[in-house]
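Student: This is the structure I have questions about; it appears just below.
Any read-out appearing in this document is the output of simple, stated calculations on the displayed coordinates, not a laboratory observation. None of these values were measured; they are calculated from a predicted model. Positions of Cβ are backbone-derived with ideal geometry, glycine not excepted, and every protein chain shown enters the neighbour counts.
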């Protein structure tokens, strides 16, 4: 138990579905207890052409899972001549995590993307439990604060641009109150045609509008 306490990490990641598009966002601080281990940690990974994953937890565990499922996604595409669905990707992750429950990966994941059935976001816990979050989701130590902003301001009519602003606002609020969340913000938008990272200048401009 003492070892598990030492391994606990804090972060905040969020996911939204807006106008049949998916937005994934995260701050970049990585902590080891009270020590800030990194100010530029990457927490959003592209795992297929129109699919991404955010991670709260141990960076090494997340990177191992990304390598594994990215390879599986490519093999699936070669064998089936079509991309893996978001639900199938989530099921694969759940099976991997469930099979490691005695030596678990210390991660909490959001898997979001667009497939032939539409836009989806799933939340996956360290033991393989998955939840279809449908419209909004948040993970990590700052997630209660992020959820407060998301649930107050999100609606089914939220546009893609409004969703990007809302994701940044939710993270900014979490960063003010959660010591394990901080530094810069990264945002990815997944549309029918592409997986695209939002530019740093645009993010800074949106953050400045909150002051």
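Student: Give the relative contact order (percent, whole number) for the range 2-203; include only Cα pairs under 8 Å separated by 6+ residues.
Tutor: Reported relative contact order: 31 percent.
Student: At 7 Å along Cα-to-Cβ for each site, give me the label-to-label distance between residue 35 and residue 204 in nm.
Tutor: That separation, rounded to one decimal, is 3.1 nm.
Student: Now for a separate question. Arrange 133, 27, 82, 197 by Cβ neighbour counts within 10 Å, fewest through most, would you?
Tutor: With the sparsest Cβ surroundings first, the list reads 82, 197, 133, 27.
Student: Grab the DSSP H runs of the chain that are 4 residues or longer, score each as -39,500 (n - 2.57), total them, divide by all residues and round the 222 nm result to the nearest 500 deg cm²/dmol. Don't jump to the answer; show the numbers that get you there.
Tutor: Values: 6 runs with 79 residues, N = 211.
One gets -12000 deg cm²/dmol as the mean residue ellipticity at 222 nm.
Student: Determine the gain in length on full extension of the stretch residue 87-residue 19; use 0.36 nm per residue of separation and subtract their C-alpha separation, reporting nm with one decimal.
Tutor: Net length gain for the segment: 22.5 nm.
Student: Would you compute the Debye intensity of the range 1-110 from its alpha-carbon atoms alone, equal scatterers and no solvent, and pass along log10 I(q)/I(0) at q = 0.12, 0.14, 0.19 Å⁻¹ to two decimals?
Tutor: Reported log10 I(q)/I(0), two decimals: -0.46, -0.62, -1.05.
Student: Then there is this: Over the Cα atoms of the range 112-155, compute the convex hull volume and normalise it per residue, giving Å³.
Tutor: 81 Å³
Student: Here's another thing I want to ask about it. Going by how many other beta carbons lie within 10 Å of each one, how would you line up 122, 127, fewest first?
Tutor: In order of increasing Cβ crowding within 10 Å: 127, 122.
Student: Sticking with this one: If you wrap a convex hull around the alpha carbons of the range 59-149, what volume per residue comes out, as a whole number of Å³?
Tutor: For the range 59-149, the hull spanned by Cα atoms encloses 96 Å³ per residue.
Student: Could I ask something else about it? Using the Cα gyration tensor of the range 2-203, with a ≥ b ≥ c the square roots of its eigenvalues, what is the shape: rounded (a/c below 1.5), prolate (a/b larger than b/c) or oblate (neither)?
Tutor: Oblate is the answer for the range 2-203, as a/c is 1.5 or above yet b/c matches or exceeds a/b.
Student: Could you please rank 206, 114, placing first whichever residue has the fewest other Cβ atoms within 10 Å of its Cβ?
Tutor: 206, 114
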